[in-house]
């Protein structure tokens, strides 16, 4: 699987190109800004953008989607709970399902809490978390539609994935641009409050 982590916009957002090495088809995750830059990066890798996946409905993650769709013909996907009132969405996701791009099959996980329609993508040992989980932190719940107990439940669900799963967040807010589920269990500042802290290495308690 081809993964390109792209920095876009003015809020330290990460956008991702995830491509199939054989078919060269790709999905764009969270195109918040800079559609031409995203297209140029796909072209540099020889990738054809087939789908645009929004982890949630906030504009800093979605704004470049319509321009990318117009340029590539790619379909736009978003959870139904976040799609209402937004630009046209081709597929409104209702819950967990599989998403295939070329030979790659990724599992769509409904992870509400930051927004009602928050989604993550998981497969091949990789987890794209949007604003559900950051490196060392998690998304805000003080915005419209946010709900802290719901986000806690979503995070506990993600912590059930294998510890070597690579976490690719929606913003560059942490000490590194990516991490692992195992690292988050030991270091995330919300780990104890949200009930997923693993205390198996002395001295690694979150602050």
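We did not get these values from a lab; they are worked out from the coordinates using the rules stated. Nothing here was measured: the structure is a model prediction, and the numbers come from that model. Note that each Cβ is placed from the backbone with ideal geometry, even for glycine, and that neighbours are counted across all protein chains shown.
With respect to the chain, whose longest principal axis is taken over its alpha-carbon atoms, helix 148-158 is tilted by about 80°. With respect to the chain, whose longest principal axis is taken over its alpha-carbon atoms, helix 35-44 is tilted by about 80°.
Distance between the C-alpha centres of region 163-188 and region 29-78: 23 Å, rounded to the whole angstrom.
Highest mobility in the GNM of the chain, judged by mean-square fluctuation with C-alpha springs under 10 Å and restricted to 175, 116, 149, is found for 175.
Paramagnetic label reach from residue 2 (point 7 Å along Cα→Cβ; backbone nitrogen cut-off under 16 Å): within region 90-110, residues 101-105. Using only alpha-carbon positions in the chain, the gyration tensor eigenvalues give semi-axes of 27, 18, 15 Å once each is multiplied by 5 and square-rooted (largest first). For residue 86 and residue 23, a Förster radius of 25 Å and the Cβ-Cβ distance give a FRET efficiency of 0.30, rounded to the nearest 0.05.
Measuring nothing but how far apart in sequence close Cα pairs (under 8 Å, 6+ apart) lie, relative to its length, region 14-170 scores a relative contact order of 18 percent.
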